[in-house]
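Structure, as structure tokens:
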Amino acid sequence: MNQQFELFEIANPCIGLCQSNKKGYCFSCLRSRTERQLWHDMTTEQQREVLRLIAGRKLRIEQMRQRKDEQLGFDFEEIPEIGELF
């Protein structure tokens, strides 16, 4: 396979607010425990794959939040009509 020359290192997605959920995924960068531990030893291609996985995780989280908001049935942007009291 033809390897592409990298001019720049892929930046670590860590934003310094590390806290993991029960499954070991960081709430901030969305990487697994293993992905965080091995980041500096990964090849550029492996790091790209982790970034692709992070993007998918972000999308699933947003979809879950949207479904949850739809289930609640609240629309905070909409102002309810208030009829005259007198």
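Some values worked out for this structure:
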{"item": "Computed label-point distance, nm, for sites Q19 and R65 using a 7 Å Cα→Cβ extension", "result": "1.5"}
{"item": "Over segment 33-72, volume per residue of the alpha carbon convex hull, in Å³", "result": "53"}
{"item": "Heavy-atom accessible area order for T44, T34, largest first, 1.4 Å probe", "result": "T34, T44"}
{"item": "Which of L51, L17 is most accessible, then next, and so on - probe 1.4 Å", "result": "L17, L51"}
{"item": "Around E49: net Lys/Arg minus Asp/Glu count, Cβ-Cβ under 12 Å", "result": "+1"}
{"item": "Charged-residue dipole, Cβ positions (Lys, Arg, Asp, Glu), segment 33-72 about Cα centre, Debye nearest 20", "result": "160"}
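The values are calculated or read from the model by the stated rules, or taken from the named source; none is laboratory data. No experiment lies behind these values; they were computed from the predicted model shown. Using ideal geometry, Cβ is built from the backbone for each residue, glycine included, and neighbour counts are taken over all protein chains shown. Ligands, DNA and RNA are excluded from the accessible area calculation, which covers all protein heavy atoms including side chains. Shrake-Rupley method; radii C 1.70, N 1.55, O 1.52, S 1.80 Å.
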